[in-house]
Amino acid sequence: MSLAACGGSSDTNSGGTKADTDSGGKSERAKPETVDLTRIPDVGDRLQKQIPAESRQVVAVYGEGKDDADATVVLYTKSGSTWDQTRTWRGHNGKKGWTTDHQEGDKRSPVGVFTLTDAGGVLADPGAKFPYSQSAAFQAPHYWAKSHWHDFDYVIAIDYNRVKGTSPNDPTRPEGQSKGGSIWLHMDHGSGTSACVSLSKSGMEYLLRTLDPAKHPVIVMGDKAELKA
C-alpha cells in the first residue's frame, strides 16, 4: 500500500537534487551562540501569543517568501524564562509557497502555530519520544520521481486538520477534505513539497529523538513577512 501524503496529492516534480542527509552535511548548521531570548525571534505578537505557555520546545519554520519554497528550520528550547536556539537546518515548504487559507492541492504550506504529537515512517523508530508508527504504508509511490522515494522514511505529523493521538497517515480530517491534510515534517528531496515542511535525514532523526511530549512541542511556520505580522 502506498501513501499519497504531504497535502494529500502526489508530487511528481523531479526538480532539485537530493539534499545532504549526513549528520555533518551542509543542510545542518552548528549551534549558534544565543543570549537571553525572551521570545521566538522574528515572530510577531499575533502568532507569538498562540504558542502555549507550557511549551518548552518550538520548531520555527522561516519561509523565504510568500511564493517561495525555500525555508530555514530552527529548533528553540526553553530553559527557565528564556529560549535557546538549539539547532538549525535548511529545508523546504510547499512548492508554491505559503497561505493563511490552505486548501487541498494548492501546493502551499499553511501558516500558523500547530502542536506536534505523533510520528512514524517507513523506517524503524530511531528513538522517538512521540508515539511512532512504523509501516510500509508510508512508502512514497514509485511512480513519483526517484528523488522523492525516501521522503516519508521519517515523518512527524503537524496537527493541522487531523486527529491527535493517531498515526500520521490516519486520513481523518475533522475540518473536511477541502481544507487539506497530511501536513508533515519529513525528509527533504531538494525542492518544494506539496504542502509539508522537509529537512535532512539527520535533522529528522534529531527532532524525533529530541522533541518530547512532556515539553509540549509546537511548530510555528510561515513566510517571514507573515510570521512577523
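No lab work stands behind these numbers, since they all come straight from the coordinates. Bear in mind the structure is a predicted one, so any value in this text is a computation, not a measurement.
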- Pairs over 20 Å Cα to Cα, from Lys66/Lys164; Lys49/Lys224; Lys179/Lys224, come to Lys66/Lys164; Lys179/Lys224
- First check a/c for segment 139-229, with a ≥ b ≥ c the square roots of the eigenvalues of its C-alpha gyration tensor; if it is under 1.5, answer rounded, and if not, answer prolate when a/b is larger than b/c or oblate otherwise. rounded
